[in-house]
Every structure is written in C-alpha cells, then in structure tokens.
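Colleague: Please read through the structure below; I'll follow up with questions.
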4 protein chains.
Amino acid sequence: MERSGLINLNDLIGSATDINKSNEPMTRREKSKAEKLQQIRSAALLVFLEKGYHKAAISDILRYTNLARGTFYLYYQDKSQIFDDLLADLYKDITLSLGQLEIENQKSKKAFYEQLKNLARTLLDVFRRHEKLVIILVSSSIGRDSVFDRRVEGFYEILTEVIRVLASRGIESGYLKPHNTLLLSRLLIGGLKEFIFQWLVKKRYTDDLEAEIESIVFIFMKGVEQ
Amino acid sequence: MERSGLINLNDLIGSATDINKSNEPMTRREKSKAEKLQQIRSAALLVFLEKGYHKAAISDILRYTNLARGTFYLYYQDKSQIFDDLLADLYKDITLSLGQLEIENQKSKKAFYEQLKNLARTLLDVFRRHEKLVIILVSSSIGRDSVFDRRVEGFYEILTEVIRVLASRGIESGYLKPHNTLLLSRLLIGGLKEFIFQWLVKKRYTDDLEAEIESIVFIFMKGVEQ
Amino acid sequence: MERSGLINLNDLIGSATDINKSNEPMTRREKSKAEKLQQIRSAALLVFLEKGYHKAAISDILRYTNLARGTFYLYYQDKSQIFDDLLADLYKDITLSLGQLEIENQKSKKAFYEQLKNLARTLLDVFRRHEKLVIILVSSSIGRDSVFDRRVEGFYEILTEVIRVLASRGIESGYLKPHNTLLLSRLLIGGLKEFIFQWLVKKRYTDDLEAEIESIVFIFMKGVEQ
Amino acid sequence: MERSGLINLNDLIGSATDINKSNEPMTRREKSKAEKLQQIRSAALLVFLEKGYHKAAISDILRYTNLARGTFYLYYQDKSQIFDDLLADLYKDITLSLGQLEIENQKSKKAFYEQLKNLARTLLDVFRRHEKLVIILVSSSIGRDSVFDRRVEGFYEILTEVIRVLASRGIESGYLKPHNTLLLSRLLIGGLKEFIFQWLVKKRYTDDLEAEIESIVFIFMKGVEQ
DNA sequence: CATGAATGAGGATTCATTCAT
DNA sequence: AATGAATGAATCCTCATTCAT
C-alpha cells in the first residue's frame, strides 16, 4: 500500500529564499538582524495589502518600521525580493500541510471524493492562516513579465499542479472521466480563485464557508465523475 | 412564447461613449482629428498590452504616435479615460452579440444545454475580436480601488450577471439543481477567466478551442444539473 | 476767477488704447468685430475677478465667450493688453468725473474741506460704477515689473497726483500745514486703498459708506490743517 | 500701575515653526543639513523678491542653490511652506520687539503720543531688519484665497490689531475722539503700507526716514485727537 | 477673418537608489 | 551595520501661442 504526501511540492516551489536555516544559536547581532528583517516583512505585508504591491513604495514600507531608508537595502535588493520572501512562508506552509495530507490509493469513488474535500479544507485552512498574503495574491495581476507577476503565477501553478495530479489519479482509477487534466485543474483553480477573491477581498460568503466549499467540490466532482 | 435577448446589458454597461454618430461628411480637419484619435487608441491598446495598464505611462503611449505630449490631453483627460473608451467598444460588441442571441423558454434540458453552449461560443467570438483588450482585462489586478480596477471588475460583473440570469432560469425550469446562483456564476466565470488567460495570454489550448469550450460547458452542466 | 477741471488727467493717463474713436457708422463686419471685442472684455473682467489677474488663463477667458482660442489673438496680443483696455474705461470715467468737478480757488478753509469731500464722493461714485475692476486693482500685487503691475501702480499714481495737487493748493492758500505733499497724498491713498479693499473685497463697512468716507476725510483734514 | 507688553502677539501669530531649539551640539551631518536649509531659505527670499511669490518656481529657488530638484521636498512640502517659514522669523521678531515695548497707562495725551511714536519706530526697525520679506509682503496681492494671500493678509491683521488696541486705550483714556477703532487702524495701516512700499520698494523717502515717520504719526494723532 | 488642433516648454512632485558619515 | 541626506530620472499636467484650413 502506497503511503505518501500528496505531491512533492519542493519540486514546484524551487528555492524559496531561505534565511536562517541553521539551528545554531544566534548572536546578539544576528538577533537584532532577524528582528529588523521581521519588522520589514510585517510592514511590507501591511503595505502591500493596503496599497497593492505595485503602488506600494519602499518608503511606505519603511514608514511602518523605525528603520532608515538605506537599511532596507541591507536586507533586500528591491521590492520583489521581499515579496518572494513573504511568499516563501506561504509555500512552506502549503508544503507542510499538503505533505501531511496523507493519501492512500483510493478504494472507491466515495473515498476519492472525500479526499478531494479534504484537500479543499486543507487549502482553506492554509489560506486562512495567510489571509493577508492570499488577498494580495488573488487581487493581483498575472501574466505580465515582471518578477512579481511571475511569482503570482507560480503560486497558481502549484495549486493547479496539485489538482492535476489528483485528477490524473482519479482518471487512472476510473473514477473520473478521461478529461484533459490540465484543463480540469485550471478550471477548478480559476473558480477557486474567484471564490477566494469574493470571500477574502469582497468579504462575501462569510456565512458558511465550509458549506460553500463543499458545494464547489460537489459540483466539480459531479461534473467530472465517470 | 417569450422571445427576447438574453439580458438587457445596457442596464449593466451604462452609456458607452458615442463619438461621431452623425452621418454628415467630415471635413479634412475632422478626418485628421479622427485619425489622431485612432492613433492614440491603437497606441494605448498596444502599450497597455505590453506593459500593463498600471505601468503604462502616457508618454509611452505618445511615443507610439508622432504627437506631442500635450496633444493627448486634447482627447482624453487621463489614462483611465482612454481605457474606458477602449472598453466601450468591447461592451458595445458584447451588448450586440448577446442581444442577438435570442432566447426561447427552453423546452428541455437539452435545449437549455445547447443555449449554454451558444452563449459560450458567442462570448468566445467576441473575445477573439477584441483579443488585445481581453488580454489586458484578464491579466490585470482587481480589488484595489482605482478607477481602472473598478472597470475591470465591472467587466466581470457583467459576465457573471449573464450567467447568473441563465442559471436562475435553469433552476426555475427544473433543469438545474437549486444552487446559489451567484456562487455558480462566479465559479464558472472564474474558470472561464482562467481558461481565457491560458488561451490568449499563455497561448495554450490553441488546438481545438471549440472542443475545449464544449468540455467546460459540459462539465459545468453535468455538475449542476438536476 | 480761475475755473477749470481739477487736473488734466490726460497728461497722467497717457494713451489709453482707443479703439473706435471715429463717429462714422460701422459696417456689419465692424459691428461683428466690436461685439466680439466686447464679449472678450466682459469675459476677461469676470475671470480676472474670480481667479485674479495672474491666475487667469486666456483659455479661461475664452471659455466664457463662444470664440475660438485663436480668435483672442486677433484682438489682443496677450493678457496684459486686454487689462489695459479694461483700465482705459476706468481712466476715461475718472477723467470725465474729475474734469466736471469744477474747482474754484477756495475762499475759505471750510470751502477747501468741502471740496475735499466732494472729491472723495466723486471717486467713490466712480469706483461704484467700476466695482469689478476696482476690486481687481485693490486686490492685486504691485511693485514687480510685469506690465500688469505697472498698470496697477499707474492707477494709484493718478489718484495720488490728484490728491497731491489739491494738497499743494491747500498749502499755498495757507489752509494746510506745509507738509511734504507727496507723503500726504500717499498716506491718504494708502488709507483709501485699504478702505476700498475692506469695502469692496471684504464687504465690510457697508452700512453707511458716506459717513465712513466723511470720517476719513475729516480725520485727514484735521490731521493736516494749519 | 499696569505694566505689560503692548499686546499678546502670540495669540495672533500662532506657533511659529521652531527648529533647533535644543542646545546639543550638531553633528557634521546636522550642520550640513542646517546649511542646506539656510541655502534654500536665502534663495527663496531672493527669488520671491525678484519675481514675486506667484511667479517664483521651485526650480528658480533651486537654481540659486546647488541642490537637486528633489532636495527641496526634503525640507518643505511646497512653496507656501517655505514662505510660512520665512514669515515665522519676522513674526518672532515682531513679537519680541513689541513685547519689549512696555506700556504704561498713559498719564497724558503727550505720553500717549510718545508711545505711538515709539511703536512706529519699533516697527520701522523690525522692517529694516527684515527688509526683503517686508518688500515681498507690501508688494503682494491680498484678498484671493490662496494660502499665500491669507498669510499676507494675516500679517496686516496683526499690525491692524496692534494699532486698534492702542487706539482703544486712547479713546478710553479720553485722549482720542471716539472713532470706529477698526476704521482708524485700517486707515493708518493702509497709509503705513503705502509708505513702506514707497520707501522699501520704490526707494523714495530715504533721506530722513525718522522725520517722515514722525510726520505720519503727528498727522494721524492730530487727526484723531480729542 | 475665424477656427481650433497641435505644439512643447515649463512646472510640480515622487521615489528607487546611492553613498558619505 | 546603520543611517538618512541627496540625487535626478521619470511622470503628470497646463497653457500661451502658432498655423494650416
């Protein structure tokens, strides 16, 4: 019996900037550095949320800290780098969460459906934990060729790939109709993105989120099942 | 038997700017002015496409024409106005196309399904005719509060409303399960947006567009039918 | 017995732009031209009043007419010229009014005092007739070297000269102390200007204007009498 | 016996911007910054003097320094702010000077008259020390609603109020006729303004300034005395 | 004469980034 | 390492004036 995390996300995510991986204790200087870094990160998240990534100026971010303008450049080279850094956290969480979502070969269509619901709930939880960043992601452009836009796109690619793999297994097992899995997954991700946008940015659907999510999964499952 | 356009889009769209309705012949001067207007419009479309609306500077647009900086302001007051103007064209086309898509009260689930496919194909055609603008729309940020973002959002609202009305009829007629129609329509629009993005921006799915669209409609229909 | 207008103002005023001095009947074309001229003049007066001379743009003036931008330059070369033209009217009125204010050699201090009051009342009436222009004059900068500023200054020079001449006569006749007449006149003009400003621009002192004016003349007369 | 400064000017003036009150020694950097500030202030004063406040461009000011365009905005937000800053210096001086001009309840008309002369001389001295700024003030428009115009007007209001209070006391003590004190003070301020204008801007009356001032006070006193 | 489209110089302001301290 | 003053390119916008029609 196969037993593994859903998917190896590290392949997809690539090298998220990792600062301070080592477990050695920090010197005072390092601690101070880590604190400053954290100040900048928190401030950036707030500013991106308020003004949107593109309109956010580095000086806006610094205004929320008590650091000098030049200090920013000791930690990051530009705006896109700090966004990458913020994103890395989300990626780490997704990786962990989906990794823990252990998957068995589904014994039945029902089990497959349950797994799909589990996945949805898991993602929902991750998004809740990273609400600010997810808002920034779902209300941002994709497709242009700035570093930022590629990052946002990358985020969706990861989600798409997760769905695609799951759909492939469903088709292999004969639970799902043999659709184009990429199309399937994009369709679901698109719907999901719209849903998250309405939920987090527009603050709609706040009544019974779980039920709504279940509806979505149900519709999708019914739409694609064998 | 009721027979009417699908939906009165004029209510949603508002008065698209109408220039040059009169049939009187233009003087040479007026013709030159109209040409300059067209130059600016074309240039703006290109620049928005290349750099994205937010990064596009008015001087970028003017660089594509051989006009002086001040000239822009003879035609538009700012960047948002020219975008509105471009959008008005698309809206006019959508209005016309959907208006011609006459709808009968569906006699059967099958007829309802056909109608859904018709709608999808019609929108597809419109989008093909306005490819550049649609690319700009699907690859732009929403959720911030600039004029631009409200326009983009408005575009999706229109599409969402069209789907929502159709879904309502389907539910009333007993062909569809009584889902939350707003959720349904957002879900489909989200998926569609993602699809259009992949198709127009990423240039994927170019093999058999009609078949892909049919797949989408099929999945959606199957997912929500009674 | 000497009998003459108070002063020959034409010497002071110089060549106010005089258009249409001849009495020959106007052709239709000339009439149309005169009308356009009048349109511009009225519009300019309003705009100068609202925005102040310096902030007034030529296009502001033209917006109040139904003339094209280029047309302005058929009548005036720039903003200062039209101001000169407006001023010429006021000058003409002052000249006329003061010219009619016939002056005898004052037989007594009392008569001299009456004459001073007459002068004040006369000026007051002129200012009332040209309220808008006077407002523009009293609420404008002076002392810089633009054409406009020299015009404003010229206006005060005229008034100052009128007072100075009268004061000289008063001193010659022994009714007034032998003060520096230029100082005297500037002092009075300065006070008057402030008074007019408060009256016309700030809309104070509207209760009993004549009484206030009489107060001013009284104080001044008492201050300088022998 | 009452003994106090003439008037509490702080009520009228408001909080003049106070920079660098602390006595700690400046670092080299702070010193350089203070020098730059001073460069800008001096340049602004010169430019305002030459071109007038309204025609002065920020780039004109910067041309007199060797600073970059953006540097201005490190010190001031716009043109009006630097004018306010310059004005604050004058206000501080007026406050100090008039504050030191201690006033006793006047025992006689003569004493009152002396006090008036003292006031005039004091103001004259202040104006001499701030010649450039005073020139800018007396040759500027008032009455429009820009920030600048309100500042200029405020300056005259202060002077007017000083005179008005003194006149009130004179009337209370029976030395002056019971005129409308506001009218009185405006009249004197108007005359004074005109005088200062001629003296500082037109460079007249430079022979015996003290005597001229004495004349003015004498005329005024004689004009209004009981 | 009249028009009004076009021009382009000129002014304000912002902001990422550098670098001397 | 940290600072924050200084920079200057980039952008938006206005407006007097010209000139082909």
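Colleague: Output yes when any residue across the range A:178-187 is facing another protein chain (nearest Cβ under 9 Å) and under 14 Å from the mean Cα position of the chain (by Cα), and no when none is.
Modeller: From the range A:178-187, those facing another protein chain (nearest Cβ under 9 Å) are A:179-180, A:182-184, A:186-187; that's our starting set.
When the remaining residues are screened for being under 14 Å from the mean Cα position of the chain (by Cα), the result is none.
Within the range A:178-187 (the criterion being facing another protein chain (nearest Cβ under 9 Å) and under 14 Å from the mean Cα position of the chain (by Cα)), the answer is no, since none of the residues qualifies.
Colleague: Looking only at the range B:205-226, how many residues end up being surrounded by fewer than 17 Cβ atoms within 10 Å (Cβ to Cβ), farther than 17 Å from B:Glu114 by Cβ and out of contact with any Leu (no Cβ under 8 Å at 6 or more places or on another chain)?
Modeller: 3
Colleague: Right, next: So C:Arg144 clears everything in (1) away from DNA strand E (no atom under 16 Å from the Cβ); (2) modelled with pLDDT under 90 except one condition, right? Which one?
Modeller: Tallying (1) away from DNA strand E (no atom under 16 Å from the Cβ); (2) modelled with pLDDT under 90, C:Arg144 fails exactly one: (1).
Colleague: Filter the range D:190-213 for residues that are of a type in the set (A, V, I, L, M) and facing chain C (nearest Cβ under 8 Å); which is farthest from D:Gly170 (Cα to Cα)? Walk me through how you get there before you give the answer.
Modeller: From the range D:190-213, those of a type in the set (A, V, I, L, M) are D:192, D:196, D:200-201, D:209, D:211, D:213; that's our starting set.
When the remaining residues are screened for being facing chain C (nearest Cβ under 8 Å), the result is D:192, D:201.
On the way: D:Leu192: 19, D:Val201: 32 Å.
So, considering only residues that are of a type in the set (A, V, I, L, M) and facing chain C (nearest Cβ under 8 Å), the one farthest from D:Gly170 (Cα to Cα) is D:Val201.
Colleague: Still on this structure, I have one more. Could you list, in sequence order, the residues of the range C:39-51 that are touching a residue at least 24 places away in the same chain (Cβ under 8 Å) and either farther than 19 Å from D:Ser141 by Cα or within 16 Å of DNA strand E (Cβ to nearest atom) (or both)?
Modeller: Quick first cut of the range C:39-51, residues touching a residue at least 24 places away in the same chain (Cβ under 8 Å) only: C:39-41, C:44-46, C:48-49.
Across the range C:39-51, the qualifying residues are C:Gln39, C:Ile40, C:Arg41, C:Ala44.
Colleague: Condition check: among the acidic types (Asp, Glu) and at the interface with chain D (Cβ under 7 Å from one of its Cβ atoms). Does C:Glu153 satisfy that? Give the derivation first.
Modeller: Working: among the acidic types (Asp, Glu): yes; at the interface with chain D (Cβ under 7 Å from one of its Cβ atoms): no.
No, not satisfied.
Colleague: I've got another one for you. Out of A:Ile216, A:Ile171, report the one residue that is more than 15 Å from the chain's Cα centre (by Cα) and away from every other protein chain (no Cβ under 11 Å).
Modeller: Residue meeting the stated conditions: A:Ile171.
Colleague: Do you know which residues across the range A:116-165 are within 18 Å of A:Lys51 (Cβ to Cβ), surrounded by fewer than 20 Cβ atoms within 10 Å (Cβ to Cβ) and free of Cβ contacts under 8 Å to residues at least 24 places away in the same chain?
Modeller: The answer is none; no residue qualifies.
Colleague: From the set of residues in the range D:60-83 that are crowded, with 18+ Cβ neighbours inside 10 Å and more than 15 Å from DNA strand F (Cβ to nearest atom), which is farthest from D:Phe220 (Cα to Cα)?
Modeller: It comes out as D:Lys79.
Colleague: Assuming D:His54 fulfils every condition listed in (1) more than 16 Å from DNA strand E (Cβ to nearest atom); (2) within 14 Å of chain C (Cβ to nearest Cβ); (3) within 30 Å of D:Lys33 (Cα to Cα) apart from one, which condition is it?
Modeller: Tallying (1) more than 16 Å from DNA strand E (Cβ to nearest atom); (2) within 14 Å of chain C (Cβ to nearest Cβ); (3) within 30 Å of D:Lys33 (Cα to Cα), D:His54 fails exactly one: (1).
Colleague: Is at least one residue of the range C:123-131 modelled with pLDDT under 90 and under 15 Å from the mean Cα position of the chain (by Cα)? Can you show your working first?
Modeller: At the first step, the residues of the range C:123-131 found to be modelled with pLDDT under 90 are none.
No: the range C:123-131 contains no residue that is modelled with pLDDT under 90 and under 15 Å from the mean Cα position of the chain (by Cα).
Colleague: Please specify each residue of the range B:41-57 satisfying the condition of being more than 11 Å from DNA strand F (Cβ to nearest atom) and not in a helix (DSSP H, G or I).
Modeller: B:Gly52 - this is the single residue of the range B:41-57 that is more than 11 Å from DNA strand F (Cβ to nearest atom) and not in a helix (DSSP H, G or I).
Colleague: Same structure, new question: Name the one entry in B:Glu50, B:Glu24 that is touching an Asp or Glu at 6+ places or on another chain (Cβ under 9 Å) and modelled with pLDDT under 95. Explain how you work it out, then say what you get.
Modeller: Numbers: B:Glu24 fails: touching an Asp or Glu at 6+ places or on another chain (Cβ under 9 Å).
The match here is B:Glu50.
Colleague: Please list, ordered by residue number, the helices (runs of 4 or more DSSP H) wholly in the range B:58-107 having 1 or more residues that are within 14 Å of chain C (Cβ to nearest Cβ), among the hydrophobic types (A, V, I, L, M, F, W, C) and within 16 Å of DNA strand E (Cβ to nearest atom). Spell out the reasoning first.
Modeller: Numbers: elements: B:58-63, B:72-75, B:79-100.
Helices (runs of 4 or more DSSP H) meeting the threshold: B:72-75.
Colleague: Does B:Ile7 satisfy the condition of being modelled with pLDDT of 95 or more and not assigned by TED's automatic domain parsing to the domain that holds B:Asp125? Full working, then the answer.
Modeller: Details: modelled with pLDDT of 95 or more: no; not assigned by TED's automatic domain parsing to the domain that holds B:Asp125: yes.
Against the criterion (modelled with pLDDT of 95 or more and not assigned by TED's automatic domain parsing to the domain that holds B:Asp125), B:Ile7 does not qualify.
Colleague: For C:Ser97, indicate whether it is under 24 Å from C:Glu157 (Cβ atoms) and either away from DNA strand F (no atom under 12 Å from the Cβ) or touching a Lys or Arg at 6+ places or on another chain (Cβ under 7 Å) (or both). Please lay out each step first, then the result.
Modeller: Working: under 24 Å from C:Glu157 (Cβ atoms): yes; either away from DNA strand F (no atom under 12 Å from the Cβ) or touching a Lys or Arg at 6+ places or on another chain (Cβ under 7 Å) (or both): yes.
So C:Ser97 fits the description; yes.
The values are calculated or read from the model by the stated rules, or taken from the named source; none is laboratory data. Fair warning: this is a prediction, and the values are worked out from it, not measured in the lab. Note that we place each Cβ from the backbone using ideal geometry, even for glycine, and neighbour counts take in every protein chain shown.
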